[in-house]
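First the structure, in the form of structure tokens, and then the observations on it.
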Amino acid sequence: METPEGDRASLDPAEEREAAADVLTEIVGLVLPPKVWALVAHRLDAMEAAVRAGDVEALAEAAGQLELMGLTRIRKRPDDEGESAAADLVDRIGPLVHELRSETSAEEHTDDEPAGG
């Protein structure tokens with residue numbers, strides 16, 4: 001089922017960036033099977049590309065898919081089937097979260113300024 005064009009236009013960039021940052025923050029603490037971490041890395045690639053392109057729709061889609069992957073495989077501690085996020089993945093997530101939240105913060109500051117100057 002396709003999303004109507006009007007729904008796409010209704011995406012709030014600041015909200016979507018904050019939601020994506022929240023998903024990334026939460027995913028770092030999960031314990032997932034190695035194959036799922038590979039999928040997380042792929043979704044992280046998509047999120048980074050979306051941020052570089054300024055594509056809010058692609059960012060929201062990748063973040064939603066990432067959120068679904070984490071929620072279905074949560075473990076409380078590492079075991080034979082799961083492991084914590086690799087250091088290189090965590091190293092990529094931190095700067096992306098910072099960038100997403102910095103853009104949101106800058107946009108909110110701009111929105112607070114009067115239109116006349």
17 Å cut-off, amide nitrogen to a point 7 angstrom out along Asp22 Cα→Cβ, residues in the range 37-62: 59-62
Percent carbon-and-sulfur accessible area, the range 10-73, ignoring ligands, DNA and RNA, probe 1.4 Å: 56
Contour minus Cα-Cα distance for His42 and Ala14 (0.36 nm per residue): 7.8 nm
Pulled fully out, how much extra length does the chain show between Leu68 and Asp91, if you take 0.36 nm times their separation in residues and subtract their Cα-Cα distance? 6.1 nm
Using per-residue counts of other Cβ atoms within 10 Å, averaged over each peptide, order 18-27, 31-40 from highest down. 18-27, 31-40
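The values are calculated or read from the model by the stated rules, or taken from the named source; none is laboratory data. If you're wondering where the values come from, they're calculated on a predicted model, not measured in any experiment. When we count neighbours, we look across all protein chains shown, and the Cβ atoms used for this are built from the backbone with ideal geometry, even at glycine. What goes into the accessible areas is simple: the full protein's heavy atoms, side chains included, and nothing from ligands, DNA or RNA. Shrake-Rupley method; radii C 1.70, N 1.55, O 1.52, S 1.80 Å.
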